[in-house]
Amino acid sequence: MTMDSWAAPGSVASTRAAGLVLAAGAGRRMGRPKALVRGADGLPWLAGAVGLLLAAGCEPVIAVLGAEAAAAIELLPSDPRVRHVIAPDWAEGMGASLRAGMAELAAVSPHVCDAVVITLVDLPGLRAEVVSRVAAWATPMTIRRAAYDGVPGHPVVIGREHWADFAASLAGDEGGKAYLRSHGVELVECGDLADGRDVDTAAELLG
């Protein structure tokens with residue numbers, strides 16, 4: 001399977017969106033960092049997550065790394081649109097990874113993007129069509145996330161006007177859930193495109 005086979009051709013309709021892949025965790029239940037996991041086809045999850053954001057039209061795409069970062073960097077596609085940041089406090093949880101990613105995004109010119117699409121490295125079933133649907137017509141004020149049969153999931157889209165307050169709200173392993181709830185996040189149903197399932201263990205990977 002090639003990287004392009006993770007996603008059908010397409011782009012984020014009338015949206016200038018950056019992409020953020022959270023891939024810093026140690027993957028204790030998996031037995032290794034999920035940034036280093038490869039699917040049955042041999043494709044690294046990290047390369048697949050970055051590739052599907054690129055396929056959906058996101059630019060730049062930033063991978064947030066932590067555990068075994070040096071090995072993970074080697075799995076990133078060689079593409080000028082792709083960059084990475086290492087979260088020094090990644091072991092604190094998703095909030096720490098998100099803070100590092102949002103800090104890197106703050107340096108991206110407002111002339112480049114109006115919003116960011118945030119996804120996780122452990123969603124190998126995610127498709128670019130989901131990204132495109134959730135991010136379509138996003139503005140600097142957008143707060144939106146995918147839902148699967150009504151259950152909130154990823155990706156999440158956050159407009160630029162929220163970036164500073166969103167980053168300031170991040171704490172612990174819950175990440176940005178509280179901010180999304182308090183600001184009336186819009187759910188976009190995507191259950192017809194994917195199941196939204198994250199893969200946490202080696203048994204799930206084999207199954």
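The values are calculated or read from the model by the stated rules, or taken from the named source; none is laboratory data. These numbers were taken from a predicted model, which means no experiment stands behind them. Note that we place each Cβ from the backbone using ideal geometry, even for glycine, and neighbour counts take in every protein chain shown. When the accessible area is computed, the model is the full protein with side chains, heavy atoms only, and any ligands, DNA or RNA have been set aside. Shrake-Rupley method; radii C 1.70, N 1.55, O 1.52, S 1.80 Å.
Run the 1.4 Å probe and let me know the accessible area of SER182, rounded to the nearest 10 Å².
80 Å²
Highest GNM mean-square fluctuation, the chain, Cα pairs closer than 10 Å: which of GLU68, GLU59, GLU129?
Per the Cα network of the chain with a 10 Å cutoff, GLU68 tops the list.
Amide H to amide H, which residues 5 or more places from GLU59 or on other chains are under 5 Å from it, using H placed in the peptide plane?
Answer set, sorted by chain and number: ALA17, ALA18, GLY19.
Counting only DSSP beta bridges with both residues in the chain, what percent are antiparallel, rounded to the nearest 5?
Once the DSSP bridges in the chain are tallied, antiparallel ones form about 35 percent.
Under 13 Å from the Cβ of GLY159, count the other residues' Cβ atoms, weight Lys and Arg +1, Asp and Glu -1, and hand me the total.
Neighbour charge sum, excluding GLY159 itself: 0.
Given a Förster distance of 22 angstrom, what is the FRET efficiency for ARG38 paired with ARG81, based on the Cβ-Cβ distance and rounded to 0.05?
0.45
Subtract the Cα-Cα distance of ASP192 and ASP165 from 0.36 nm times their separation in residues, and report this length gain in nm to one decimal.
On the way: separation 27, 0.36 × 27 = 9.72 nm, distance 3.25 nm.
This chain segment gains 6.5 nm when fully extended.
Of the listed values (1) 20.5; (2) 18.8; (3) 16.6, identify the label whose number matches Kirkwood radius over Cα pairs in Å calculated from this model.
Identified label for the calculated read-out: (3).
Short version: ³J(HN,Hα) in whole Hz for each residue of the range 115-131, in order, from phi by Karplus 6.51 cos²θ - 1.76 cosθ + 1.60 (θ = phi - 60°), x for Gly and Pro, what are they?
8, 10, 9, 9, 9, 10, 6, 9, 10, x, x, 5, 10, 4, 4, 5, 4
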